Amino acid sequence: MTTAAGGLDPERLAGLVGALCSGGDQERLREVVLVSSGAIAAGLAPLGLARRPRDLATQQAAASVGQGRLMHAYTEEFGRHGRTVGQVLLTVDDVTRRAHYRNAHRTLRKLLDMRAVPIINENDTVATEEIRFGDNDRLAALVAALVQADLLVLLSDVDALYTGHPSQPGSRKVDEVTDFAQLAEVSVGGVGSAGVGTGGMVTKVEAARIATDAGIPVVLTAAPLAAAALSGEPVGTLFHAAGVRATARLHWLAHATTARGRLHLDAGAVTAVVDRRASLLPAGITRVDGAFTAGDPVDLIDIAGRAVARGLVNYDALELPSLLGRSTGELAATLGPAYEREVIHRDDLVLL
């Protein structure tokens with residue numbers, strides 16, 4: 001929704017909002033969540049910046065100025081269609097811990113129940129890591145899983161996925177993707193937005209993979225075709241949903257988190273976790289790596305050094321070494337009933 005030089009593009013923004021509100025009375029029954037970039041770009045001109053900054057502090061400053069301008073523009077444009085919008089700024093930490101995840105889901109659900117349009121962006125102004133290439137594509141897929149969406153539409157500056165750059169002779173449009181293995185011959189590097197944005201075709205394909213893994217079909221197309229995509233017309237590239245819809249929280253755990261540590265398991269524990277989907281107990285852990293606290297995501301490592309699962313740990317890293325190899329019954333008898341709990345409960349485990 002920004003120009004190549006930075007700043008908001010009122011015409012493009014109006015076109016997108018019009019597409020989202022194109023269904024008349026029926027549109028009011030449609031629940032729409034919009035994941036929008038543009039906060040940093042919208043803050044460039046007011047701060048006298050000629051181009052997107054590279055350092056994190058200046059990116060955060062630009063986002064701080066631009067976020068208000070972006071939301072004001074959306075509020076005005078959706079208001080012309082009689083729709084109310086709500087701003088939701090998310091970070092990864094907001095949705096990886098159980099209580100925070102439930103709060104994010106509850107907020108979005110309430111906004112939708114009240115017929116508002118949640119407008120979501122990553123909370124760039126307080127990000128503790130570099131604002132990564134393509135975060136909003138990934139964020140859109142994760143939000144789609146969070147709200148259990150029926151469809152995810154990813155918008156680009158090209159009308160579909162192609163086997164090569166659309167300008168190259170012999171490049172063919174990919175109409176449907178039923179298995180990501182069929183994309184082995186597709187070259188997506190360098191295709192898509194650049195300049196003030198952070199997206200690109202690589203990140204959109206990865207976002208489609210995340211969403212379809214959650215049981216959500218994805219349409220990838222150009223912004224002018226958004227209304228057609230939402231109406232079910234055969235535009236862009238359709239990525240078919242794969243498998244059974246996972247629970248949103250575990251999907252976030254698998255795709256939205258970064259492990260804060262590693263727990264090395266013996267063969268018996270690997271079998272219990274992977275094959276029997278059992279909880280992880282102290283007896284099956286052979287080594288602990290990393291500095292984490294209770295509630296953090298950690299990877300479970302098999303004897304070959306591969307990460308086989310990720311889970312939310314119930315102990316601090318400093319507590320675990322003295323517990324390794326011991327049964328929960330023994331720990332409860334010697335240290336008290338509080339130590340009879342699992343290291344990771346099976347409801348907080350996802351296989352990788």
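Report, ordered by the first and then the second residue, all pairs with beta carbons closer than 8 Å, sequence separation of six or more or different chains, a first member in the stretch 329-349 that is over 13 Å from A272 (Cα atoms), and a second member that is part of a loop (DSSP other than H, G, I, E, B) and β-branched (V, I, T).
Close Cβ pairs satisfying both conditions: V343/V313.
Which residues, taken from the stretch 231-285, are part of a loop (DSSP other than H, G, I, E, B), among the β-branched types (V, I, T) and closer than 17 Å to D299 by Cβ? Step through it out loud before you land on a result.
Step one: list which residues in the stretch 231-285 are part of a loop (DSSP other than H, G, I, E, B), which gives 231-236, 240-247, 256-260, 266, 275-279, 281.
Now restrict to residues that are among the β-branched types (V, I, T): 235, 244, 247, 257-258.
Correct list: T257, T258.
Listed residues D275, D302, D316; which is among the acidic types (D, E) and free of Cβ contacts under 8 Å to residues at least 12 places away in the same chain?
Of D275, D302, D316, the one residue that is among the acidic types (D, E) and free of Cβ contacts under 8 Å to residues at least 12 places away in the same chain is D275.
Out of L183, L230, L220, which single residue is at pLDDT 80 or above, buried (at least 20 other Cβ atoms within 10 Å of the Cβ) and in contact with a helix residue (DSSP H, G or I) (Cβ under 8 Å, 6 or more places away or on another chain)?
From the options L183, L230, L220, the qualifying one is L220.
Give the stretch 86-123 a look and list any residue that's among the acidic types (D, E) and at pLDDT 80 or above, or say none.
Filtering the stretch 86-123 down to residues among the acidic types (D, E) leaves 93-94, 113, 122.
Result: D113, E122.
Scan the stretch 330-344 for residues that are surrounded by 13 or more Cβ atoms within 10 Å (Cβ to Cβ) and either out of contact with any Gly (no Cβ under 9 Å at 6 or more places or on another chain) or not in a helix (DSSP H, G or I) (or both) and report the count. Break it down stepwise before answering.
At the first step, the residues of the stretch 330-344 found to be surrounded by 13 or more Cβ atoms within 10 Å (Cβ to Cβ) are 330-332, 335, 339-344.
Remaining after also requiring either out of contact with any Gly (no Cβ under 9 Å at 6 or more places or on another chain) or not in a helix (DSSP H, G or I) (or both): 330-332, 335, 339, 341-344.
Total satisfying the criteria: 9.
Go through the stretch 298-329 and give me each residue that's surrounded by fewer than 20 Cβ atoms within 10 Å (Cβ to Cβ), charged (D, E, K, R) and within 11 Å of L265 (Cα to Cα).
D302, R306
If you check every pair at least six apart or on different chains, which have Cβ atoms under 7 Å apart with a residue in the stretch 281-293 that is without any contact (Cβ under 8 Å) to a residue 24 or more places away in the chain first and a residue that is in a helix (DSSP H, G or I) and surrounded by fewer than 21 Cβ atoms within 10 Å (Cβ to Cβ) second?
Partner pairs satisfying both residue conditions: G284/G268; G284/A272.
What number goes with the only condition from (1) in a strand (DSSP E or B); (2) out of contact with any Lys or Arg (no Cβ under 6 Å at 6 or more places or on another chain) that D289 does not pass?
D289 satisfies every listed condition except (2).
So, in the stretch 267-293, how many residues would count as being surrounded by fewer than 17 Cβ atoms within 10 Å (Cβ to Cβ), more than 12 Å from V343 (Cα to Cα) and of a type outside the set (S, T, Y)?
Counting residues in the stretch 267-293 that are surrounded by fewer than 17 Cβ atoms within 10 Å (Cβ to Cβ), more than 12 Å from V343 (Cα to Cα) and of a type outside the set (S, T, Y) gives 9.
The values are calculated or read from the model by the stated rules, or taken from the named source; none is laboratory data. As the structure is a computational prediction, the values presented were derived from the model and not from experiment. So basically every Cβ, Gly included, is an ideal-geometry build from the backbone, and we count neighbours across all protein chains shown.
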